[in-house]
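Asks: Next up is a structure, given as structure tokens.
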Amino acid sequence: MRLRLLARDPHMSAAASPAERAYLAKSRHRYRLACLAFALSFLAIALRLVSLGFAAVEPAAGGIHDISTTVHRPDILDRNGRLLATDIKGATLYADPAKVIDRDELVEQVASVLPDINTAELLEKLKQGGRFVAIKRELTPQQQAEIYELGQPGLGFIEEYRRVYPVGATAGQVVGYVNVDNKGLAGIEKFIDDNPQLAMSAPENAVGGEAVTLSLDLGVQHVVREELVKAMATYQAKAAAGVVIDIKSGEVMALVSLPDYDPNHREQALDKDRLNRMTSGVYEMGSVFKVLTVAGALDAGSSSLRSSYDASQPLHVGKFTIEDFHGKKRRLTVPEIFIYSSNIGAAKMALDLGIDRHRAFLGKLGLLSRFSTEIGENAAPIVPSPWERVNTITIAFGHGLSVTPLQLAAAALPVVNGGFAVTPTFLPRSRMARQQSPSVLKPATSQAMLQLMRLNVLKGTGKRADAEGYRVGGKTGTAEKVVGRHYEGASLLTSFLAVFPTDAPEYLMLVMLDEPKRVPETHNEATAGVNAAPTTGAIIERIAPILGVAPKLPGDQHKFDEKVLASY
Amino acid sequence: MLRFVNICLVLALVAFAYVIYEGKYEARALDEDIDGLRKNIETERDAVAELRAEWSLLNRPERIERLAEKHLKLVPARPTQLVTLDTVSESDFERVRTETADESLPAASAPPTKVKSVAVPGVASARAAPADDDLPASTKTITVKTVPIKAGPAAQAASTAPVAIPPPVTVSPPEE
């Protein structure tokens, strides 16, 4: 009524009484207020519409449940960008018992696509209820499509990343492995989990994913492994291990420990026999320790290359008698002690150096404390305590101090690289690293040791390690293993510590064979000179070209012959 | 007047509404396209990851080595087979040069080298053509002129070949 009055207001104003006019004037305010209210509410509705229009429209999810539950891991590449580990996607089939209509039918139909599932067990699990029963992990895309075609309610898929290692066991000991949830359990995989910044700072791989590059060279790694597999079979050894390190940067180019495991089959890794002997086993390494004894004595000046020691009589220390294996029964000079691997001579050199200085020297090389790399902490060395005269004597030739082989290789780096304590690493590092490392030996000592090691390969126990043209230097080591409480003459641990090329050293290598047998190929011997040394030679011959070490032969052997001509 | 303005406004409103709805639907379609493309990229990426894994599986050193042993008649290079320029003296070149020269003299009757087989007939025909044929003088001069030009580079190669590339192909070992 009022509104109608208001609407006719302009025509009626003249005829209105003063009372009416006052009333109308009052109404006009109400009228404006109502208009404002309407305008505001329409504005609010309009704004809401606009805001709804801008809201992102979530795409409707397809029929397949698609949630990634596992973490995406970065790729692992070798130093030349070859793939060592990567992620691919796979689906996991699960059932939601709350949504299942006919359990028996579902189980029957799923079993028709996946014949290897345990139907009774699945049925039992479905009966127990709950909201999630995993049926099978890592389905192939075809199986996934077939399950989807079944159209059974209550079935769903979860997309998950699955770790694959294309090169398998070849780099397994370094790369490590992951558990079923893609978490790193060992090796570099574990290191990546502990250091997430590693993958973030790394350059992206070909498809825009993260990648971690290692110092390993897959080619070298393969050769080392293959030759060690061969050696293990030939010499009937229980185990074998080998490592190749760049002496200037400390980069590990290859690390193999046999028997190894294929990280694609992670259950193999649990086998105790497949542990990484390079880092997790401690051994009395035997005569390769003489490299350190002689280096220590030369560096301290307690012996020189011209010194000589009487090695004609066995050395008696308490109840022990120290004898020489390759006994010469005469006075030996320092180079002779080294190349004939005289225990008596080495022991006397260590005594000349002094018990405290000997221990301090080994400590400086890092042999007395736990050592660790990116692939995990090494086993702690077994250091004699208290350290007495007898300990210095036996440790001089490598008994009485148990260290991991990798630790020994690391300790030998300064001996061959000019005296710099470079720490081994599995990540790429510049060769300038040597300059930043602390110097623990005089360069002259390192030079003398290289000459001794080369001499040993030319004339001493390491003859069979000589790879033609690559100027190998090295030292053999044959240690008797402790079986029970006694040293057992029949079970040996042989090793060879090599450096090449000795005139401009670049790489250090350590090969170790566990319990090689006396076989016809070695003329029924089992010492390092006939098994570890030739294995080292065979490896160097194959890896030196890969590592870019140029062969150098004595002048007259460089023939410009038919074969060379044919290649022009 | 007011009515006209109102009609205009209503029309404008309808027109704007149309444009806005059009734009909105277009944007929504583009959004869906983006989602589709994202999904495709994801699928492709997964496929690439799978293919890369397969590629490195097929390229692992042990397999390549096995295949090389099976299909190639090559062995790793021996250190003696690697010769750098500074380890080879001028006298080595000289020796090889004289050796190949000595051996090529009795082997002259043997089939000529690849390089020579190209050059020799060309040169021979160039010389033979004017002598044998009774062609007009103009044609003769043309053949004489053209053939050496054609044979030029080949003949040069033939003359330098025994020096730069000692032809081991021709030298069939006479004593064996």
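Asks: Checking the condition outside any strand (DSSP E or B), modelled with pLDDT under 90, within 13 Å of another protein chain (Cβ to nearest Cβ) and within 22 Å of A:Leu216 (Cα to Cα), which residue from A:Ala550, A:Ala538 passes? Don't jump to the end; show me each part of the working.
Replies: Working: A:Ala538 fails: modelled with pLDDT under 90.
Criteria check complete, one pass: A:Ala550.
Asks: Only one residue in B:Phe16, B:Phe4 is exposed (fewer than 10 other Cβ atoms within 10 Å of the Cβ) and more than 12 Å from every other protein chain (Cβ to nearest Cβ). Which one?
Replies: Only one candidate qualifies: B:Phe4.
Asks: Here's another thing I want to ask about it. Being surrounded by 18 or more Cβ atoms within 10 Å (Cβ to Cβ) and farther than 30 Å from A:His222 by Cα: is that true of A:Leu126 here?
Replies: So A:Leu126 passes the test.
Asks: Among the residues of the stretch A:347-406, what is the count of those that are part of a helix (DSSP H, G or I) and of a type in the set (A, V, I, L, M)?
Replies: 13
Asks: Only residues that are within 9 Å of another protein chain (Cβ to nearest Cβ), in a helix (DSSP H, G or I) and polar (S, T, N, Q): list them for the stretch B:24-71, please.
Replies: B:Ser56
Asks: Are there any helices (runs of 4 or more DSSP H) wholly within the stretch A:185-282 with 2 or more residues that are surrounded by 24 or more Cβ atoms within 10 Å (Cβ to Cβ), and if so which?
Replies: On the way: elements: A:187-194, A:197-201, A:218-234, A:277-280.
Ranges flagged: A:187-194, A:218-234, A:277-280.
Asks: Exactly one condition in (1) at pLDDT below 80; (2) part of a helix (DSSP H, G or I) is not met by B:Pro111; state its number.
Replies: (2)
Asks: So how many residues does the stretch A:14-46 have that are surrounded by 10 or more Cβ atoms within 10 Å (Cβ to Cβ) and not in a helix (DSSP H, G or I)?
Replies: Of the residues in the stretch A:14-46, 1 are surrounded by 10 or more Cβ atoms within 10 Å (Cβ to Cβ) and not in a helix (DSSP H, G or I).
Asks: Still on this structure: Can you confirm whether A:Ser312 is within 39 Å of the chain's Cα centre (by Cα), more than 22 Å from A:Leu493 (Cβ to Cβ) and at pLDDT below 90?
Replies: For A:Ser312, the condition - within 39 Å of the chain's Cα centre (by Cα), more than 22 Å from A:Leu493 (Cβ to Cβ) and at pLDDT below 90 - is not met.
Asks: Scanning the stretch A:76-105 for residues that are out of contact with any strand residue (DSSP E or B) (no Cβ under 7 Å at 6 or more places or on another chain) and surrounded by 15 or more Cβ atoms within 10 Å (Cβ to Cβ), which turns out farthest from A:Thr213 (Cα to Cα)?
Replies: Initial filter on the stretch A:76-105 (out of contact with any strand residue (DSSP E or B) (no Cβ under 7 Å at 6 or more places or on another chain)): A:80-82, A:98-105.
Filter again for surrounded by 15 or more Cβ atoms within 10 Å (Cβ to Cβ), leaving A:82, A:100, A:103.
Numbers: A:Arg82: 9, A:Val100: 47, A:Arg103: 49 Å.
Looking at the filtered set, the residue picked out is A:Arg103.
The values are calculated or read from the model by the stated rules, or taken from the named source; none is laboratory data. Bear in mind the structure is a predicted one, so any value in this text is a computation, not a measurement. Note that each Cβ is placed from the backbone with ideal geometry, even for glycine, and that neighbours are counted across all protein chains shown.
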